[in-house]
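Every number in this text was worked out from the coordinates using simple rules, so none of it is lab data. All values reported here derive from a predicted model rather than from experimental measurement. Virtual Cβ from ideal backbone geometry, glycine too; neighbours counted across all protein chains shown.
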Amino acid sequence: MSFAPVTVQLTDGRRCTLRAAAEGDDAGLYALEQAIVDARDGVVKYPDELPPDLAAYAEKRANSGAAFALVAAQDDGELLGEASLVRLPFRMLRHVAVLGMGVHPRAQGRGLGRALLTHLLAWARDHRDPDGGRVLRVELYTRADNHRALALYHALGFRLEGTRRAFVLRDDGALVDDHMMALLFA
Ligand SMILES: CC(C)(COP(=O)(O)OP(=O)(O)OC[C@H]1O[C@@H](n2cnc3c(N)ncnc32)[C@H](O)[C@@H]1OP(=O)(O)O)[C@@H](O)C(=O)NCCC(=O)NCCS
């Protein structure tokens, strides 16, 4: 099932088109991820741990196995956000999808994350595989100090399933827990 593009308005008045990610989005997605990682908020990698160039990023993305991937594009084409689901490969686990998402630091806190995730979940919920299979469970991991992400996931129905204690080592030496959350469609 394909995704029909939609236009959404952020709380600051900016408009974005949500559409399925395409092959030509590599450069925009690489720039977006660099901006998010550079901001050092909610992430688990340092800027020097990103793929070193666009070709390496494109190769990694081509092998990511994302089944549903949405981007939020401004009118000038710049990508302000992305959200994607990767389905687990084994037949007994095909109904499980793992969420990853990010919004550009210049657009955070303005409703784009909520819009992206709402549309992504609706797309995945309605999808049927040729053999009738479907996504029934969406799971994610998030740092316990990522309050905005936690608020978003709770608001959209995700529930806490477990905590990986002392999972993230900050560069000031502090250890931070990491939460696993999931949403069931059934
Ligand atoms: C987490 C992230 C995806 C959320 O997207 P966003 O566009 O910034 O979030 P939204 O503006 O849609 O707000 C989402 C919710 O968080 C709430 N919120 C916003 N700022 C908040 C804050 N500082 N603390 C707590 N809650 C906050 C909002 O009220 C909103 O809830 P509501 O829609 O029920 O009112 C985005 O901030 C981001 O990419 N952060 C950096 C990378 C990251 O953390 N990725 C996710 C890793 S799991």
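Residues are listed down the side, and each one gets a yes or a no for (1) over 22 Å from Ala35 (Cβ atoms); (2) touching a residue at least 60 places away in the same chain (Cβ under 8 Å):
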| position | (1), (2) |
| --- | --- |
| Met101 | no, no |
| Pro105 | no, yes |
| Gly113 | no, no |
| Asp129 | yes, no |
| Thr142 | no, yes |
| Asn146 | no, yes |
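Could you please find all residues in segment 91-103 being part of a loop (DSSP other than H, G, I, E, B) and either of a type in the set (D, E, K, R) or near the ligand (Cβ under 8 Å from one of its atoms) (or both)?
Arg94
Taking Met1 and the conditions (1) of a type in the set (A, V, I, L, M); (2) assigned to a loop (DSSP other than H, G, I, E, B); (3) over 22 Å from Val98 (Cβ atoms), which numbered condition does it fall short on, given that it satisfies the others?
(3)
Report the residue count in segment 105-117 for those that are part of a helix (DSSP H, G or I) and either within 6 Å of the ligand (Cβ to nearest atom) or crowded, with 18+ Cβ neighbours inside 10 Å (or both).
Going through segment 105-117 one residue at a time, the tally reaches 7.
Can you tell me which residue in segment 18-58 is surrounded by the most Cβ atoms within 10 Å (Cβ to Cβ), limited to those that are within 12 Å of the ligand (Cβ to nearest atom), aliphatic (A, V, I, L, M) and part of a helix (DSSP H, G or I)?
My answer is Leu32.
Six or more apart or on different chains, Cβ under 7 Å: which pairs go from a residue in segment 45-61 that's in contact (Cβ under 8 Å) with a residue 24 or more places away in the chain to one that's small (Gly, Ala, Ser)? Could you list them?
Note: pairs meeting the criteria are Leu54/Ala27.
Restricted to segment 73-90, and to residues that are assigned to a strand (DSSP E or B) and either touching a His at 6+ places or on another chain (Cβ under 7 Å) or on the phi > 0 side of the Ramachandran plot (or both), which residue is farthest from the ligand (Cβ to nearest atom)?
The qualifying residue farthest from the ligand (Cβ to nearest atom) is Leu80.
Restricting attention to segment 125-143, and to residues there that are surrounded by 17 or more Cβ atoms within 10 Å (Cβ to Cβ) and in a loop (DSSP other than H, G, I, E, B), which single residue is nearest to the ligand (Cβ to nearest atom)?
Result: Val135.
Of all the residues that make up segment 155-176, how many are within 12 Å of the ligand (Cβ to nearest atom) and either exposed (fewer than 11 other Cβ atoms within 10 Å of the Cβ) or farther than 25 Å from Leu117 by Cα (or both)?
0
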